[in-house]
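The values are calculated or read from the model by the stated rules, or taken from the named source; none is laboratory data. Please read these numbers as outputs of a predicted model, since none were measured by experiment. When we count neighbours, we look across all protein chains shown, and the Cβ atoms used for this are built from the backbone with ideal geometry, even at glycine.
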Amino acid sequence: MKRKMDEYSEDKEREKELLEEIESFREEKERIKRLIGSIGGKNFVKKDKLLNFILLGVVLLLFVLEVTTNWLPAYISLEMAVLLVSIKIVWLINNISKMDHFQFWILNSIEFRLNSLTNKLNEIDKKLN
């Protein structure tokens, strides 16, 4: 009878530990969703498209003004267009570095989890043997 009680209490402890792990997994999952959203989610796509349209619009406006009105000297409008394209390239490089950092963080997190699971499996194996 005592043995069954001990097994029952161990099962309850295991169940409690599993529920805690599931809850921590859910919390981590939600944190990752928020992080992904802040790095490359829907809001980011809207901002990126808006920036693309603004830069493209300004470059086209400079081109049209130069061809039709000669309002700005040719070299100034050309230099402004190159500056805007350079800003876009810097923007893209910054976004790529953010994504690379995020991918590294995810891979590091996966490696940490795998090592943790390997250690747990080794402990279980030792207990069984």
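Residues that are modelled with pLDDT of 85 or more and either part of a helix (DSSP H, G or I) or more than 16 Å from the chain's Cα centre (by Cα) (or both): does segment 34-45 have at least one? There is no residue in segment 34-45 that is modelled with pLDDT of 85 or more and either part of a helix (DSSP H, G or I) or more than 16 Å from the chain's Cα centre (by Cα) (or both).
So which residues in segment 51-101 are under 30 Å from I32 (Cβ atoms) and among the charged types (D, E, K, R)?
Residues satisfying the conditions are K88, K98, D100.
Yes or no: S86 under 30 Å from R14 (Cβ atoms) and of a type in the set (S, T, Y)? Taking the combined requirement at face value, the residue does not satisfy it. Annotation note: Cβ proximity below 6 Å between a residue of segment 26-47 that is more than 15 Å from W105 (Cβ to Cβ) and a residue that is modelled with pLDDT under 75 and surrounded by fewer than 12 Cβ atoms within 10 Å (Cβ to Cβ) (sequence gap 6+ or interchain) occurs for no pair.
Scanning segment 76-129 for residues that are over 29 Å from E30 (Cβ atoms) and among the basic types (K, R) yields a total of 3.
Of all positions in segment 49-67, none carries a residue that is in a helix (DSSP H, G or I), of a type outside the set (A, V, I, L, M), modelled with pLDDT under 80 and surrounded by 10 or more Cβ atoms within 10 Å (Cβ to Cβ).
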